[in-house]
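Q: Structure provided below as C-alpha cells; questions to follow.
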Protein chains: 2
Amino acid sequence: MKQVAVKNIEEKGLRWTPQRQAIISAIANSEKKHLSAEEIYLLTKKTMPSIGLATVYRTLELFCAMGILQKLNLQDAARYELLQKEENAHCHYLCLGCGKIFEVPLQEELPLPSTKNDESLEDFTVVNSSCWHFGYCRNCKLRKENKT
Amino acid sequence: MKQVAVKNIEEKGLRWTPQRQAIISAIANSEKKHLSAEEIYLLTKKTMPSIGLATVYRTLELFCAMGILQKLNLQDAARYELLQKEENAHCHYLCLGCGKIFEVPLQEELPLPSTKNDESLEDFTVVNSSCWHFGYCRNCKLRKENKT
DNA sequence: GTCGCTGCAAAGCTTTTGCAAATCA
DNA sequence: TGATTTGCAAAAGCTTTGCAGCGAC
C-alpha cells in the first residue's frame, strides 16, 4: 500500500514526506473508518504534533486524486476512507437513528441500469462508486417500538 | 404533491406559508434537477423578491425531514431534489470531466448485499437510497483521446 | 394572546489560499 | 539552485442561529 503510494508519488515528481507518511499511517492504523479531516488531523498530531491542518487537507486531496483515498461527502463534513481494489464498489448503510455506518461489499459488478433513454450514458466509464442506504438498524427500531 | 405537503405540514401544527409554496414551486417548475440552496433561493426570488436565504435553508431542511425533498451532499455544496415514490431508488452518474449528472432509475429493488458477516444489518430497514457512480461520459472520453 | 414563521445580520464551520520559511533533489 | 512542501494566518464559502417583528389561528 505504502509502496504503491511512494511509487506513484515519486513518478510524478512529488515527494513522499514525513507528513504524508504520518497521515496515511494514521488513517491506516485507525480502527474507525470514515474519518473526517479534523479527526485525521488529530490522529496525525499524536505522532507529529507540529503538523498543520492545511497540510492535512492538501494531503487528503492529493491522496484522493491518486486513488488512495475516497472522499465521502456526508452531512456534517467530508470523510475519507482507504480505497482498495477490492473495496472499489461497496454499499454504506447509515442508520438515521444512531448514525452508525454499516459497510457491505458488492461481490459482483455494479447493477446494470436501464440505459435506453439516455444515449450518453451508454458509454459511461465508472471509475468509482458510492452507494448509500439510509434507514434504521435493528437496535434503533427496537428502541423506537419500546418508546411507543 | 402540494396537497400532500399541505396536509403533512398542517397535521403537525405547522403552516403552509407563501414562502414554502414559492420554494416548492420553484423547485418543481425548474428544468434543472439537483439544485443548490443558492439556486433555489434565486429561483424563488423571481416570484418572491423579498424572501431571505435563511428561510430557504430552513424550508429545505423541513422538506427533507418531511420526505418531500432529498438532500444530496455533493462536492461543492448540498443539492436538493424532489423525492417521489417512484424515484425512491435511483442511481446518479457524475462525470468527473464535465460535472454532468445522469440519472437512472432502478427498476427492480436494490441489489441484495451479502449480510452474512454483519448481524445487525440483517434487520436494517431502508428508508431512502442514494447511489453515485463517478467516472467519465463519452464526450469527455473522446475529448481526452483527442488531446493525447 | 400565543405560537409559528420570516428577514436580516452575525456567527459558526469546514475548507481553501497566500506567503515566507524549510526541505529535498 | 530550483522545485516542492509546510505551517501559520487570513480568507472564503456554505450553512446555521439569534432576534425582533409579523402573521395566522
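The values are calculated or read from the model by the stated rules, or taken from the named source; none is laboratory data. Since this is a predicted model, take the numbers as computed values, not measurements. Every residue, glycine among them, receives a Cβ derived from its backbone with ideal geometry; neighbour counts consider all protein chains shown. Calculation scope for accessible area: heavy atoms of the full protein, side chains included, ligands and nucleic acids excluded. Shrake-Rupley method; radii C 1.70, N 1.55, O 1.52, S 1.80 Å.
Q: In this structure, does residue A:24 turn out to be at pLDDT below 90, surrounded by 18 or more Cβ atoms within 10 Å (Cβ to Cβ) and part of a helix (DSSP H, G or I)? Explain how you work it out, then say what you get.
A: Details: at pLDDT below 90: no; surrounded by 18 or more Cβ atoms within 10 Å (Cβ to Cβ): yes; part of a helix (DSSP H, G or I): yes.
No.
Q: I've got another one for you. Does residue A:55 count as open to solvent by less than 10 Å² (accessible area, probe 1.4 Å), among the β-branched types (Val, Ile, Thr) and either closer than 30 Å to residue B:126 by Cα or at pLDDT 85 or above (or both)?
A: no
Q: So, one more: Checking residue A:9 against (1) modelled with pLDDT of 85 or more; (2) near DNA strand D (Cβ under 8 Å from one of its atoms): exactly one of these is not met. Which one?
A: (1)
Q: If you check residue B:19 against the conditions, is it free of Cβ contacts under 8 Å to residues at least 12 places away in the same chain and within 11 Å of DNA strand C (Cβ to nearest atom)? Quick ask: steps written out before the conclusion?
A: Details: free of Cβ contacts under 8 Å to residues at least 12 places away in the same chain: no; within 11 Å of DNA strand C (Cβ to nearest atom): yes.
It is false that residue B:19 is free of Cβ contacts under 8 Å to residues at least 12 places away in the same chain and within 11 Å of DNA strand C (Cβ to nearest atom).
Q: Separate question: Of all residues in segment A:39-61, which are under 12 Å from residue A:80 (Cα atoms) and away from DNA strand D (no atom under 13 Å from the Cβ)?
A: A:39
Q: Report every pair of residues separated by at least 6 positions or lying on different chains whose Cβ atoms are under 6 Å apart, first residue within segment B:53-64 and assigned by TED's automatic domain parsing to the domain that holds residue B:35, second within 9 Å of DNA strand C (Cβ to nearest atom).
A: If the second residue must be within 9 Å of DNA strand C (Cβ to nearest atom), the pairs left are B:55/B:19; B:59/B:20; B:59/B:23.
Q: Here are some residues: B:35, B:42, B:69, B:62. Which one is in contact with a helix residue (DSSP H, G or I) (Cβ under 7 Å, 6 or more places away or on another chain) and modelled with pLDDT of 90 or more?
A: Numbers: B:42 fails: in contact with a helix residue (DSSP H, G or I) (Cβ under 7 Å, 6 or more places away or on another chain); B:69 fails: modelled with pLDDT of 90 or more; B:62 fails: in contact with a helix residue (DSSP H, G or I) (Cβ under 7 Å, 6 or more places away or on another chain).
Answer to the check: B:35.
Q: All but one of (1) near DNA strand D (Cβ under 10 Å from one of its atoms); (2) in a loop (DSSP other than H, G, I, E, B) hold for residue A:33; which doesn't?
A: (1)
Q: Among the residues of segment A:65-76, which ones are open to solvent by 40 Å² or more (accessible area, probe 1.4 Å), within 10 Å of DNA strand C (Cβ to nearest atom) and under 18 Å from residue A:129 (Cα atoms)? First the steps, then the outcome.
A: Restricting attention to segment A:65-76, the residues satisfying the condition of being open to solvent by 40 Å² or more (accessible area, probe 1.4 Å) are A:65, A:71, A:73, A:75-76.
Those still in the list that are within 10 Å of DNA strand C (Cβ to nearest atom) too: A:71, A:73, A:76.
Scanning segment A:65-76 gives A:71, A:73.
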